[in-house]
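All remarks here apply to the structure that follows.
Computed from the coordinates by the stated procedures, all read-outs in this text should not be read as laboratory data. Since the model is a prediction, treat every value here as computed from it, not as a measurement. Cβ atoms come from the backbone with ideal geometry, glycine included; neighbour counts cover every protein chain shown.
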Amino acid sequence: MRLMPVTACLPGMRLGKKIFSEDGIVLLAEGVEMTQGLLNRLSSMGIHYIYIQDPKTEGIEIPELISEETQRRALKTVKNVFREMADSSRRGIYPYVGKAVRETMSTILDDLYSNRDAMIMLLNLQSVDHYLYLHSLNVCVYTSLLGIARGYSRDELMTLGLGSLLHDVGKSRIPLDVLLKPGALSKQEFEEMKRHTERGFQLLKDEPNLPLIVAHCAFQHHERLDGSGYPRGIQGNEIHDYAKWIGIVDSYDAMTSHRIYRNAMLPHQAVELLYAGSDSLYDTEMLRLFRDKVAIYPVGMTVELSSGQSGVIVDVNTLTLHRPIVRILTNEAGEELKSPFDMDLSKHLSVMISRVVTSGPALAEA
């Protein structure tokens, strides 16, 4: 299968991976034949990329960081917690929250432990959901994977994971007209949005089944090394390491996610932008580990090479992330090959990826 922009897909193509609703219900099953009406509907629902079955990319399997069942249960838990805490008429603590998110976090860690050498891949490309819920799960999975690579213990990973899963819970108390505004926020609206860090801290700090550091993750994830962050403008070692990790991943996922008011960046573009803030906004050593765990060219993505050939990413070389294995589909003249072949760019040093193909001619109907 291969990953394609919905705008480049043609009627008659068949879906390579299921598409889920926000409640975990399968909206479109694997193998469904695309029609123009379905493609238009997917675009209107905010799905910009889909996996398509393609004989020429047969055998290319998209690695899963967590199982479909774990993802479905985790999104349901996040949604329930956020909706419960959105009720401003309630006062006091939410004793069930700690138990629910701990069970979810334990399952996520089990999945990640069995896949500890996996790279950070783009998640939830084929889910229809509220951005906030997906973002919370993405940040949790990516951050936990980094924590495993960093060597944190299971208990440390549990706390880090809980902090990342709930880092934006304060947004449940932000007015929807501000939270979902399709354009730029006014100064007053931005100040209101920034308050989600303090509101998250207030919602979490007294939860009996959550470590206090989880509340501080919500409080500090927008703080930056040089003191330019919010809400308190603290800097350096005043910021907890967990919040520093979440700050990096939160920024990355925001940049690589489609929003109403802007298109997503590609992973390699987002990593470059993060590095522009090295040692001023983000910890350099943490950024290095993050860079080494991100699949900047995800499996299934179409790329064009400096040789003029184009193809689809087959696999990632973990020691040379910018030189993955590519299945070559067209020659230097742009002509489709009758017999595609795999090229390991780590062994062809004169050939480089010149661009990622995000639109343009689609593959022949499968």
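Observations on the structure shown:
- Counted charge near GLU189, where neighbours are those whose Cβ lies closer than 14 Å (Asp, Glu -1; Lys, Arg +1): +2
- Under 23 Å, Cα to Cα: Lys pairs in the range 110-248, sequence gap 8 or more or different chains: 9
- Between LYS205 and SER67, the distance separating the two model label sites (each 7 Å from Cα on the Cα→Cβ line) works out to 3.9 nm.
- In nm, spacing of pseudo-spin labels at SER307 and ASP110 (7 Å Cα→C-beta vector): 4.5
- When +1 charges are put on Lys and Arg Cβ atoms and -1 charges on Asp and Glu Cβ atoms, the dipole computed for the range 223-283 relative to its Cα centre reaches about 300 debye.
- Selected from LEU146, ALA254, ILE234, residue furthest toward positive end of dipole (the range 101-258; charges at beta carbon): ILE234
- If only the Cβ of Lys and Arg carry +1 and only the Cβ of Asp and Glu carry -1, the dipole of the chain around its Cα centre is close to 680 debye.
- Shape of the range 16-72, Cα gyration tensor, a/c cut at 1.5: oblate
- For the chain, the relative contact order works out to 16 percent when only alpha carbon pairs closer than 8 Å and six or more residues apart are counted.
- Local charge for THR104 was computed over the other residues whose Cβ lies under 13 Å away, with Lys and Arg +1 and Asp and Glu -1, and equals +2.
- Positive-end residue, the chain charge dipole about Cα centroid, Cβ charges, pick of MET13, ILE66, GLN220: GLN220
- Taking THR77, THR159, THR320 as the candidate residues, the one with maximal mean-square fluctuation in a Gaussian network model of the chain, Cα springs under 10 Å, is THR320.
- Rounded to 0.05, the FRET efficiency of the GLU285 and LEU337 pair, given R0 = 51 Å and the Cβ-Cβ distance, is 0.75.
- Environment charge of ILE234, counting only residues whose C-beta is closer than 15 Å and scoring Lys/Arg +1, Asp/Glu -1: -2
- Calculated SAXS-style log₁₀ I(q)/I(0) at q = 0.06, 0.10, 0.15 Å⁻¹ - the chain, Debye, Cα scatterers: -0.23, -0.65, -1.37
- The chain: most fluctuating residue of ASP110, ASP206, ASP155 per GNM, C-alpha cutoff 10 Å: ASP155
- Point-charge dipole on Cβ atoms (K/R +1, D/E -1) for the range 2-67, about Cα centre, debye to 20: 200
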